[in-house]
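Reading through the structure tokens given below for one structure.
The values are calculated or read from the model by the stated rules, or taken from the named source; none is laboratory data. Keep in mind that this is a model prediction, so the values were computed, not measured. Cβ atoms come from the backbone with ideal geometry, glycine included; neighbour counts cover every protein chain shown.
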């Protein structure tokens with residue numbers, strides 16, 4: 001008997017992982033091509049709608065609307081930041097690319113939320129679901145983001161739509177985790193009180209658990225936004241347009257000007273959307289006891305109207 | 001049963017742990033006690049063979065130290081916790097036999113609950129908090145609002161409906177908790193250490209207010225506390241718990257004057273008996289005091305003292321026409337002396 005095989009086992013025994021992966025993808029593409037094509041349709045509709053909308057709207061209106069949105073949702077400082085950052089993006093000549101990136105970003109975040117939020121809720125309800133989902137999330141988060149590109153190209157092709165899909169896939173895990181965490185850490189007696197007053201599980205989730213978990217869930221959305229932007233350069237390798245492509249072309253042609261423009265654009269967008277999405281997670285207490293509509297431009301307007309009513 | 005009490009629990013057991021059934025068998029046969037059950041089965045006995053009933057309009061206190069199972073027991077009444085064994089009847093219906101929908105209806109309409117740490121929802125206004133039980137039952141918005149305002153008025157918080165819980169002090173928050181329990185006009189109140197998280201003065205205020213409300217509204221109340229003084233003050237009857245078992249059930253007088261076990265007597269040793277002692281217990285039997293004022297045998301000591309302070313030197317204790325005995329200052333002094341020695 002040859003004992004050397006025991007000392008060096010992997011020379012003779014191996015799992016053909018590479019072949020398996022190959023076969024699996026081939027099997028998927030040959031059997032489910034239509035399914036993957038069909039999946040692209042709604043994504044394309046959403047993306048086109050957003051991109052056309054953003055490109056057709058005058059730049060000034062976008063800047064002002066976004067600034068007011070930031071003021072209403074967060075505060076005046078964020079509104080000023082938004083105004084300055086968006087103006088800068090225009091000034092450095094990255095506007096069009098930024099609007100494409102923004103369309104990809106918003107589509108990806110919407111899709112990630114559409115799947116991540118319900119999955120996170122399911123994970124918090126059922127131990128079994130969490131046991132199954134958890135290793136998948138670990139896998140999704142540890143696999144290098146480049147690695148996603150290969151199966152995406154094979155299944156969906158290249159271009160903006162596959163770019164949205166790969167970005168959404170990459171950005172979903174933290175939302176699932178934080179939704180699950182947020183729901184599991186709601187104060188137990190607040191949940192018990194809902195039960196004690198006869199709430200059904202759905203009612204309890206909707207009017208007690210989700211609102212109380214909102215800050216944590218919104219931290220998840222914030223992570224999704226940040227990861228989507230971080231993905232933009234990588235996604236441009238499968239021919240996604242936007243700021244990421246400027247960076248990629250800049251690197252490959254050693255064109256510092258383009259790389260700097262694209263890079264600055266991404267950083268500015270990231271700052272704006274980081275602050276704005278953080279505003280989603282603010283509670284009444286964070287706003288000094290004011291409700292969402294009692295602050296910002298709407299709050300001022302209401303104050304003015306109320307003042308006039310008193311005068312007349 | 002036609003005249004069954006509104007809340008009725010019979011031989012209730014709750015054992016936490018994977019091997020609860022085995023532990024239950026062993027505990028029922030008396031083989032294992034609380035510690036032994038944990039060692040042998042890894043199970044914690046929360047409630048052991050507890051039976052009690054709460055009469056209509058009665059305030060029934062369950063008193064015990066932390067870990068004695070009192071908070072576990074109260075959660076069986078609205079089935080927030082499922083028993084391992086035993087019967088629970090609420091208003092004549094077997095709570096264990098209800099389906100989820102019926103159970104939710106029972107909780108929303110029949111049973112109001114107040115929690116130790118208020119458990120108000122911070123994202124809802126005060127009146128949304130108070131009206132939640134009605135919202136769950138899909139009551140129209142205006143009716144809800146009116147009921148919430150009514151309930152808030154009862155706990156003297158009228159006009160606070162549009163505020164949020166964190167704008168209120170602890171005492172006010174617990175009033176809201178009480179209003180929430182009252183809003184759906186349930187017949188039964190479950191109070192889980194409602195006042196223990198409050199400052200002593202505010203606690204006293206709320207106790208007095210609750211007593212007043214309770215007398216007006218005549219809600220059947222199960223009241224949990226770890227404070228014997230509170231139990232004596234609030235309860236028509238008191239059950240004392242230790243290690244998941246009810247060791248004695250009785251009126252405050254009974255508990256103080258006739259503690260059933262060593263444990264109970266240690267507990268009540270700090271409570272003065274003077275308030276609860278009646279004439280028949282301290283009189284000298286036989287003999288009358290000619291011309292003295294006459295009192296019945298169950299007259300409490302404070303009433304006797306009042307007679308003395310009004311100038312009487314001796315009292316005659318009479319049951320109808322029958323003379324039982326007499327009380328002079330010697331008997332009174334002896335009583336006070338032994339009470340002081342007891343503490």
Inset, instruction - Could you run through region B:1-32 and say how many residues are in contact with a strand residue (DSSP E or B) (Cβ under 8 Å, 6 or more places away or on another chain) and either within 23 Å of residue B:221 (Cβ to Cβ) or touching a residue at least 60 places away in the same chain (Cβ under 8 Å) (or both)? - result: 13
Legend entry - Selection status of residue A:251, modelled with pLDDT under 95, farther than 30 Å from residue A:125 by Cβ and away from chain B (no Cβ under 14 Å): yes
Legend entry - Matching residues in region B:194-216 - criterion: being farther than 26 Å from residue B:109 by Cα and in contact (Cβ under 8 Å) with a residue 40 or more places away in the chain: B:196, B:197
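This table checks each residue for (1) surrounded by 22 or more Cβ atoms within 10 Å (Cβ to Cβ); (2) not in a helix (DSSP H, G or I).
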{"position": "A:100", "(1), (2)": "yes, no"}
{"position": "A:112", "(1), (2)": "yes, no"}
{"position": "A:117", "(1), (2)": "no, no"}
{"position": "A:122", "(1), (2)": "no, no"}
{"position": "A:138", "(1), (2)": "no, no"}
{"position": "A:146", "(1), (2)": "no, no"}
{"position": "A:151", "(1), (2)": "no, no"}
{"position": "A:158", "(1), (2)": "no, yes"}
{"position": "A:162", "(1), (2)": "yes, no"}
Inset, instruction - Determine, yes or no, whether residue B:191 is buried (at least 22 other Cβ atoms within 10 Å of the Cβ), within 13 Å of chain A (Cβ to nearest Cβ) and either closer than 28 Å to residue B:258 by Cα or in contact (Cβ under 8 Å) with a residue 24 or more places away in the chain (or both). - result: yes
Inset, instruction - Could you tell me whether residue B:59 is over 17 Å from the mean Cα position of the chain (by Cα) and buried (at least 20 other Cβ atoms within 10 Å of the Cβ)? - result: no
Inset, instruction - Please work out which residue is nearest to the other protein chains (Cβ to nearest Cβ), limiting yourself to region A:164-197 and to residues that are buried (at least 24 other Cβ atoms within 10 Å of the Cβ) and not in a helix (DSSP H, G or I). - result: A:197
Legend entry - Test set (1) within 14 Å of chain A (Cβ to nearest Cβ); (2) surrounded by fewer than 16 Cβ atoms within 10 Å (Cβ to Cβ); (3) more than 24 Å from residue B:240 (Cα to Cα) - residue B:82 fails condition number: (3)
Inset, instruction - Only residues that are surrounded by fewer than 17 Cβ atoms within 10 Å (Cβ to Cβ) and either in contact with a helix residue (DSSP H, G or I) (Cβ under 6 Å, 6 or more places away or on another chain) or more than 19 Å from residue A:145 (Cβ to Cβ) (or both): list them for region A:252-263, please. - result: A:253, A:254, A:255, A:256, A:257, A:260
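Rundown of residues vs (1) surrounded by 21 or more Cβ atoms within 10 Å (Cβ to Cβ); (2) more than 14 Å from chain A (Cβ to nearest Cβ); (3) within 15 Å of the chain's Cα centre (by Cα), yes/no style:
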position	(1), (2), (3)
B:166	no, no, no
B:170	no, yes, no
B:181	yes, no, no
B:187	no, yes, no
B:201	no, yes, no
B:220	yes, yes, yes
B:227	no, yes, yes
Inset, instruction - Say whether the condition of being part of a loop (DSSP other than H, G, I, E, B), more than 11 Å from chain B (Cβ to nearest Cβ), under 30 Å from residue A:157 (Cα atoms) and at pLDDT below 95 is met by at least one residue in region A:204-227. - result: no
Inset, instruction - Return yes when residue B:265 is without any contact (Cβ under 8 Å) to a residue 12 or more places away in the chain, more than 26 Å from residue B:220 (Cα to Cα) and either assigned by TED's automatic domain parsing to the domain that holds residue B:211 or surrounded by 14 or more Cβ atoms within 10 Å (Cβ to Cβ) (or both) and no when it is not. - result: yes
Inset, instruction - Could you tell me whether any residue of region B:86-97 is over 23 Å from the mean Cα position of the chain (by Cα), more than 19 Å from residue B:171 (Cα to Cα) and more than 8 Å from chain A (Cβ to nearest Cβ)? - result: yes
Inset, instruction - Inspect region B:171-194 for any residue being on the phi > 0 side of the Ramachandran plot, in contact with a strand residue (DSSP E or B) (Cβ under 8 Å, 6 or more places away or on another chain), outside any helix (DSSP H, G or I) and at pLDDT 90 or above and give the result as yes or no. - result: yes
Legend entry - Residue under evaluation residue A:246, criteria (1) away from every other protein chain (no Cβ under 14 Å); (2) surrounded by fewer than 23 Cβ atoms within 10 Å (Cβ to Cβ), criterion not met: (2)
Inset, instruction - Could you tell me whether any residue of region A:35-42 is surrounded by 15 or more Cβ atoms within 10 Å (Cβ to Cβ), within 19 Å of the chain's Cα centre (by Cα), farther than 29 Å from residue A:210 by Cβ and touching a residue at least 12 places away in the same chain (Cβ under 8 Å)? - result: yes
Inset, instruction - Could you tell me whether region B:138-159 includes any residue that is surrounded by 21 or more Cβ atoms within 10 Å (Cβ to Cβ) and facing another protein chain (nearest Cβ under 8 Å)? - result: no
Inset, instruction - Kindly indicate the residue of region B:100-126 that is in contact (Cβ under 8 Å) with a residue 60 or more places away in the chain and over 21 Å from residue B:195 (Cβ atoms) and also farthest from the other protein chains (Cβ to nearest Cβ) among those meeting that condition. - result: B:110
